[in-house]
Amino acid sequence: MHGKTRLIRYITGFAVLVLAACASSALQAAPPAALAAAKTTAEELKQVRVITVGSPSDAGLLIGVARGYFEQEGMNLKFDRISGGAETVSLLATNQVQVAGAALSAGFFNAVNRGIGVKVVADKGQSRNGWHGTQWVIRKDLWDSGELRGLKDLKGKRMGINAPNTGAITDLMFRDLLQAAGLKEDDIKVVVLPYPDQLQALNNKAVDFVLMIEPGKSIAVERGLAVLWEDSPEKGKNRQVAVLMFSPQFLASEDSKRFGVAYLRGVREFNDAIAKNKNKSEIIQILTAASTVKNPKTFETRTGLYYVDPDGQIDWESVQAGIEVGRRKGWVKQDVDLSRVRDDSVLKHALDKLGKY
């Protein structure tokens with residue numbers, strides 16, 4: 001994906017230079033300063049390392065790169081994939097990476113209380129208003145046989161989940177499931193199942209139902225391994241799933257403010273395309289080329305995608321609810337002051353420059 005992302009970026013930069021040259025001919029000679037600015041090379045751009053899990057909620061970042069928004073702000077983004085967890089926080093705290101798109105977890109909140117300095121700056125994905133990027137799927141053979149069709153059939157079944165007992169959004173969804181089914185935790189066998197291993201587990205019939213994200217979710221359905229649990233209890237609930245985090249050093253720099261502007265421009269194009277059908281085919285082409293999701297049908301409707309707020313706003317009520325669950329379970333070791341978690345300066349700058357959506 002890295003090569004494709006760079007190719008898009010270089011093609012976009014070349015097109016900008018060609019257009020600039022044409023404009024300068026029509027308007028006679030451009031000032032020397034403008035010509036110098038037009039010759040900005042990749043070597044002169046600020047290198048920003050970004051890590052994500054590779055879900056469709058990367059859309060704002062990927063569109064921002066493809067459209068040249070980050071280049072316009074003087075940045076070149078280098079992407080790496082990561083499964084999340086403590087490693088994400090460690091890489092940010094030591095400035096080995098500057099930006100991460102990740103789910104909030106007990107480990108992060110405990111690190112905040114230790115003064116780690118990593119801050120949450122913007123939304124990167126929510127479940128709400130018909131947008132459901134994280135969904136339960138049921139193994140197709142169990143669905144077809146009628147053995148597993150809903151809440152009444154869950155007792156004794158094997159559930160696959162990426163990172164249980166970490167205070168992440170997946171834990172909240174599991175708690176909701178148990179409550180809706182009137183079950184206790186030991187009524188269901190929990191199988192720790194990282195996202196990359198979930199398809200194989202379904203194929204091997206090692207689990208009965210799984211909490212999945214894209215692209216695995218769509219692939220499981222396409223291959224006949226699973227069916228979407230359409231009326232599962234998470235539908236209709238608002239959840240803060242993923243956020244954008246900055247390292248302390250990057251946040252202290254002016255680059256962080258420029259990053260926020262480019263990011264929101266990409267997020268707004270994503271919303272325009274999916275919710276308003278504006279430039280939809282073009283945006284879907286960008287996302288299927290640059291993301292881990294290669295099936296264009298995934299982006300046709302919001303059903304299997306995360307909502308990403310076009311003003312970057314985070315559902316802090318949902319975040320607080322997650323912290324409270326973590327405190328009750330003992331995962332979050334002490335109360336968390338959200339003022340130590342969040343930094344609103346990046347969004348303030350972006351909204352001052354772009355206005356509200």
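What follows is calculated from the coordinates using simple rules that are stated; it is not laboratory data. No experiment lies behind these values; they were computed from the predicted model shown. Because the Cβ atoms are built from the backbone with ideal geometry, glycine has one as well, and the counts that use them run over all protein chains shown.
Per-structure values
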{"quantity": "Charge dipole magnitude, Cβ of K and R +1, D and E -1 - the range 135-228, Cα centre, debye nearest 20", "calculated": "140 debye"}
{"quantity": "Under 16 Å from residue 280, Cα to Cα: aspartates and glutamates that are on another chain or at least 8 residues apart", "calculated": "269, 272, 300"}
{"quantity": "Cα long-axis angle, helix 316-329 against the chain (0 to 90 degrees, to the nearest 10)", "calculated": "40 degrees"}
{"quantity": "Most mobile listed residue (74, 125, 266) in the chain, GNM with C-alpha springs under 10 Å", "calculated": "74"}
{"quantity": "Inter-probe distance in nm under a simple model that places probes 7 Å from Cα toward Cβ, at residue 155 and residue 237", "calculated": "2.2 nm"}
{"quantity": "Computed lengthening from residue 86 to residue 144, 0.36 nm per intervening residue step minus Cα-Cα distance", "calculated": "17.0 nm"}
{"quantity": "The chain: calculated mean residue ellipticity at 222 nm from DSSP helix runs of at least 4, using -39500 (n - 2.57)", "calculated": "-13000 deg cm²/dmol"}
{"quantity": "Folded to 0 to 90 degrees: helix 2-26 orientation relative to the chain principal axis, Cα", "calculated": "30 degrees"}
{"quantity": "Residues of the range 48-90 with amide N under 20 Å of the 7 Å Cα→Cβ point at residue 300", "calculated": "56-57"}
{"quantity": "Lys/Arg +1, Asp/Glu -1 at C-beta; the range 135-228 dipole; positive extreme among 174, 227, 216", "calculated": "227"}
{"quantity": "Paramagnetic label zone (point 7 Å from Cα along Cα-to-C-beta, residue 325; backbone N under 14 Å) in the range 155-182", "calculated": "161-181"}
{"quantity": "Over the range 220-357, volume per residue of the alpha carbon convex hull, in Å³", "calculated": "164 Å³"}
{"quantity": "Cα-based Rg of the chain normalised by 2.2 N^0.38 Å, two decimals", "calculated": "1.05"}
{"quantity": "Kirkwood Rh, angstrom, the range 89-239 [1 / mean 1/r, Cα pairs]", "calculated": "16.6 Å"}
{"quantity": "Eligible aspartates and glutamates near residue 124 by straight Cα distance, threshold 13 Å, same-chain separation 8 or greater", "calculated": "58, 309, 311, 315"}
{"quantity": "GNM flexibility winner over the chain from 168, 290, 201 (Cα, springs under 10 Å)", "calculated": "201"}
